[in-house]
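Following: one structure in structure tokens, then a few remarks.
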Amino acid sequence: MFKKKECVAMLLAGGQGSRLYALTEKTAKPAVTFGGKYRIIDFPMSNCVNSGINTVGVLTQYQPLVLNEYIGNGQPWDLDRMSGGVMVLPPYQGKNGADWYKGTANAIYQNLDFIRRYAPDYVLILSGDHIYKMDYNAMLQDHKNTGADCTIAVLEVPLSEASRFGIMVTDETRKITEFQEKPKNPISTKASMGIYIFSTKVLEKYLIDDENTPGSSNDFGKNIIPNMLNDGMKLYAYPFEGYWKDVGTISSLWEANMDLLGEKPEFNVHDKKWRIFSRNYAAPPHYIGKEATVSDSIISEGCEIQGKVEHSVLSSGVIVEKGAIVKDSVIMSGTVIKAGANVNYSIIDSDSVISENAKVGEERELAKGIAVIGSGLCVEKGVAIASDAMINDDSVDGVSAIEK
Amino acid sequence: MSAAGIIFSNIHDNNIPELTRNRTMASVPFGCRYRLIDFALSNMVNSNISNVSVVTHYNYQSLMDHIGSGKDWDLARRSGGIKILPPFITAYANNVNSLYTTRLEALKSVNYSISKITDDYVVLSDCDVICNIDLNDMIKNHIDNNADLTMAVKKVYLNKAKAKINVLVDSDEDGKITDVQAYPTSFEGEADINLNIMVMTRQYLQEVVLDSIAHNYTSLTRDIILRNIGRKVYRTYRYDGYFACINSSQDYYTSSMELINDREVRNQLFGIKNRPVYTKVRNSAPTYYSPEAKVKNSLIADGCEIFGEVENSIIFRGTKIGKGSVVKNCILFQDTYTGENVKLNCVIADKNVVIRDNKNLSGDETLPFYLSKGKMI
């Protein structure tokens with residue numbers, strides 16, 4: 001017998017993250033490295049655990065290998081439980097054939113059996129693409145207090161940006177009266193964060209109805225929410241204040257990393273009351289050499305810095321040799337910046353090598369964009385990589401693949 | 001072949017009284033993020049030993065807190081895993097409850113657990129062995145030579161003072177032990193020293209323990225090994241990598257400083273492929289360096305915030321170095337907080353020490369200034 005849970009979280013982690021190009025060549029977007037030692041998915045997972053939700057279904061689809069391995073049995077998040085815990089839910093072959101997850105709603109529909117096993121009163125729908133700290137339990141209490149059928153977390157955005165989001169129009173009791181998906185002329189600034197709490201019965205009904213509607217996109221934003229509004233169901237907006245960032249593009253990923261820097265950073269991961277948990281790889285402490293200079297940067301375990309690092313975020317095991325300069329950049333785990341190399345305004349994925357005197361990117365003021373180097377590549381000696389280059393394989397002159 | 005492990009957690013406690021006032025030798029912090037026992041434990045885990053007993057004596061709360069369920073070493077197992085063996089105090093106690101002082105007495109006190117071991121070999125290790133040794137190879141050597149007991153040794157140069165605190169092991173060209181000298185008072189020169197890591201055949205260990213109980217033996221070296229040289233197969237296994245054990249506060253400071261001043265030491269401890277050193281995970285954020293931070297030649301753990309200057313120092317997790325502060329030649333344990341314009345030189349600060357603004361503290365390399373746990377200045 002499965003133990004009943006009050007609330008089960010369903011984390012949509014199937015996103016390809018195609019606008020992250022080289023970084024999601026081999027991994028799903030939720031498994032992209034962020035902020036030195038984290039992966040994007042650590043944030044919603046840690047939020048769940050810190051909010052007292054210990055049953056999390058992670059829906060995967062695109063390039064799940066790294067993500068599955070990363071989640072493992074959930075031990076880093078304390079989600080290795082007797083009952084519940086974390087469960088990876090890939091698409092599967094059923095009695096009536098096999099189907100990929102066609103949309104966000106369909107993904108949950110295909111896993112209704114998983115939800116039913118825990119007989120939850122509420123289901124929390126999350127996506128694995130955002131960087132934020134949020135107490136879902138407070139949102140759940142609000143959902144119960146308002147007696148809503150569905151509560152949607154919303155964030156105030158500037159009117160000028162509102163047309164990029166799903167916009168909620170609410171009355172004075174926060175009840176949602178209208179929903180506009182990416183409107184040209186937005187009349188509200190309350191943007192949906194893609195975080196929903198449903199009362200389970202209502203969710204089941206609408207998912208089944210939606211599944212039986214031919215031509216539906218099977219999407220929460222496009223179908224489920226509008227259908228519920230049309231039927232006069234009670235939908236409430238739950239205001240969220242604080243840092244929230246969609247890291248779906250190279251520039252937003254870069255910005256979010258930089259938001260961790262500063263004496264009072266925009267986004268603080270040092271908060272001991274709301275720890276962000278992540279899988280640990282038993283790396284030794286990092287070493288800062290005799291001639292190194294490190295300023296306004298984040299350095300993770302296992303790094304060895306002999307050169308100069310300025311306004312950058314370094315993941316574990318990064319080596320910066322003597323005379324090398326890393327500035328305004330994000331360097332992911334295990335990458336080596338050799339002597340005399342110069343990395344500026346770039347994102348370099350894991351296990352790559354920037355050889356002696358090579359140059360990647362341009363000074364931020366002069367650059368056309370952020371240079372991106374994919375995983376496991378070697379930029380050869382003295383080679384210069386343009387400021388807006390997007391390199392994901394060895395087809396470019398001066399770049400070779402590193403044999404594993 | 002399968003092997004079990006036994007670690008002695010309170011051995012040599014009195015060598016560093018300051019650091020072991022509230023904790024066992026095993027749980028003395030070392031190298032930014034480790035406790036001494038992490039090295040012995042990781043050596044075992046990396047050699048597929050998944051049944052480890054830790055024999056404790058007193059003050060072992062910090063050790064229990066550190067080890068927890070053992071999952072950070074992959075030792076939270078349904079069968080085997082890690083087990084803490086505290087002193088066995090019988091009800092209706094009389095004079096039989098005196099606590100042990102030697103390894104052999106410790107083993108006698110956990111006789112029952114030892115009698116239940118089913119693995120063929122047992123690795124016995126002290127908790128203050130700072131090294132990354134391949135125990136699999138040592139066990140293989142033990143088996144290949146049909147040994148009853150194999151001691152890990154390392155050839156080092158000893159001056160008189162060093163010789164006095166070591167156990168010297170003589171062996172023939174074949175590796176058989178011919179003599180063992182404990183703490184010789186006038187030796188000088190090259191010698192093999194005992195690293196306090198041993199492999200014993202399980203049955204032989206069980207015999208030794210029962211025999212020692214029957215005869216009230218107290219010393220493994222004197223009462224067992226020296227009596228049986230020639231009769232039993234006692235061998236040495238030579239280890240050449242980095243090794244340190246902590247014989248004094250000075251030793252503790254020097255060994256810590258070796259980590260930053262010698263790259264080879266870091267490589268031999270932490271850089272060996274597939275043999276990482278595991279420790280309790282704290283989920284700290286990565287370390288932040290402010291624009292004014294100046295850090296040279298230092299080892300720094302995760303979770304720190306550095307706004308000042310740090311040189312030749314070892315900074316543990318969650319430490320904060322305030323603006324304008326200068327920290328040189330220091331070892332600052334977990335969650336040390338230094339305010340603004342603090343000057344520290346040759347200071348060892350235990351956990352949770354707070355040093356307020358404008359304080360100036362200095363020790364000497366030969367006598368570091370020690371601040372006890374939770375001190376506020």
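The spacing between the range A:277-344 and the range A:129-200, judged by their C-alpha centroids, is 39 Å.
Shielding value for B:308-314 is 1, the average number of Cβ atoms from other chains within 10 Å of each residue's Cβ. Amide H to amide H, with H built 1.01 Å from N, A:Val326 comes under 5 Å of A:Lys308, A:Val309, A:Glu310, A:Val343, counting only residues 5 or more places away or on other chains.
Packing order of peptides A:244-253, B:316-325, A:144-153, highest average first: B:316-325, A:144-153, A:244-253 (average count of other Cβ atoms within 10 Å over each peptide's residues).
Using just its DSSP H runs of length 4 or more, each adding -39500 (n - 2.57), chain B gives a mean residue ellipticity at 222 nm of -5500 deg cm²/dmol after division by all residues. Based on Cα contacts under 8 Å between residues 6+ apart, chain A shows a relative contact order of 13 percent.
Peptide B:28-35 shows a mean partner chain C-beta count of 2 within 10 Å per residue C-beta. The charge dipole of the range A:154-285, taken about its Cα centre with unit charges on the Cβ atoms of Lys, Arg (+1), Asp and Glu (-1) only, comes to about 340 debye. Loop-located GluC sites (Glu not before Pro) in the range A:142-247 (DSSP state not H, G, I, E or B) with no more than 15 neighbouring Cβ atoms inside 10 Å: A:Glu172, A:Glu241.
All other residues with a Cβ under 15 Å from the Cβ of A:Val32 taken together, and with Lys, Arg as +1 and Asp, Glu as -1, what is their net charge?
On the way: positive: A:Arg19, A:Lys26, A:Lys29, A:Lys37, A:Arg39, A:Lys245, A:Arg279; negative: A:Glu25, A:Asp42, A:Glu69, A:Asp129, A:Asp246, A:Glu255, A:Asp349, A:Asp351.
With Lys, Arg at +1 and Asp, Glu at -1, the neighbours total -1.
Taking 8 Å as the Cα distance limit and 6 or more residues as the minimum spacing, I'd like the relative contact order of the range B:3-270 as a percentage.
Relative contact order of the range B:3-270: 22 percent.
Taking a ≥ b ≥ c as the square roots of the eigenvalues of the Cα gyration tensor, the range B:281-377 is rounded, since a/c falls below 1.5. Shape class for the range B:3-270, computed from the alpha carbon gyration tensor (a ≥ b ≥ c): rounded, with a/c under 1.5.
Taking a ≥ b ≥ c as the square roots of the eigenvalues of the Cα gyration tensor, the protein assembly as shown is classed as prolate, since a/c reaches at least 1.5 and a/b is larger than b/c. Under 5 Å from the amide H of B:Val28 lie the amide H atoms of B:Leu36, B:Ile37, each residue being 5 or more positions distant or on a separate chain, with H modelled from the backbone and absent for Pro and chain starts. Separation of the range B:1-39 from the range B:271-296 is 21 Å, based on Cα centroids. Shown for the range B:3-270: lysine pairs separated by 8 or more places, or found on different chains, whose C-alpha atoms are under 19 Å apart, numbering 13. Across the range B:288-371, the relative contact order, built from alpha-carbon pairs under 8 Å that are at least six residues apart, equals 20 percent.
Dipole orientation for the range B:73-226: of the candidates B:Ser113, B:Tyr183, B:Ala147, B:Ser113 has the Cα lying most toward the positive pole (charges on Cβ; Lys, Arg +1; Asp, Glu -1). A Cβ-based charge dipole, computed about the Cα centre of the range B:255-347 with Lys and Arg at +1 and Asp and Glu at -1, lands at about 240 debye. Loop-located trypsin sites (Lys or Arg not before Pro) in the range A:309-380 (DSSP state other than H, G, I, E, B) with a sparse environment of at most 12 neighbouring Cβ atoms within 10 Å: A:Lys368.
A:Lys5: which aspartates and glutamates have alpha carbons under 19 Å from its alpha carbon, excluding same-chain residues fewer than 8 sequence positions away? Within the straight-line limit of under 19 Å, A:Lys5 reaches these aspartates and glutamates: A:Asp78, A:Asp80, A:Asp113, A:Asp121, A:Asp135, A:Asp142, A:Asp149, A:Glu204. Exposed loop sites here mean GluC sites (Glu not before Pro) with a DSSP loop assignment and at most 16 other beta-carbon atoms within 10 Å; chain B contains its longest site-free run at B:19-172. Summing Cβ point charges (Lys, Arg +1; Asp, Glu -1) relative to the Cα centre of chain B gives a dipole of roughly 900 debye. Set the bar at 24 Å for Cα to Cα. Now go through A:Lys308/B:Lys323; A:Lys29/A:Lys102; B:Lys343/B:Lys375; A:Lys26/A:Lys381 and name every pair that lies beyond it. The pairs that break the limit, which is 24 Å between Cα atoms, are A:Lys26/A:Lys381. Mind checking which of A:Ile276, A:Trp254, A:Ser297 is farthest towards the positive end of the range A:186-305's charge dipole, using Cβ charges of +1 (Lys, Arg) and -1 (Asp, Glu) about the Cα centre? The Cα lying farthest towards the positive end belongs to A:Ile276. Annotation for the range A:350-404: GluC sites (Glu not before Pro) lying in DSSP loop with at most 12 further Cβ atoms inside 10 Å of their Cβ are A:Glu363, A:Glu365, A:Glu403. Positive-end ranking of B:Val277, A:Phe240, B:Thr221 along the dipole of the protein assembly as shown, with charges on Cβ about the Cα centre, is headed by B:Thr221. Seen against the Cα atoms of chain B and their longest principal axis, helix B:135-144 is set at about 10 degrees. Axis angle, to the nearest 10 degrees, between helix B:202-215 and the longest C-alpha principal axis of chain B: 80 degrees. If R0 is 25 Å, the Cβ-Cβ spacing of A:Asn73 and A:Lys272 corresponds to a FRET efficiency of close to 0.50.
Each value in this text was obtained by applying a stated rule to the coordinates, not by laboratory testing. Values in this document were obtained by computation on a predicted structure and should not be read as measured data. For neighbour counting, all protein chains shown are included, and Cβ atoms are generated from backbone atoms with ideal geometry for every residue, glycine included.
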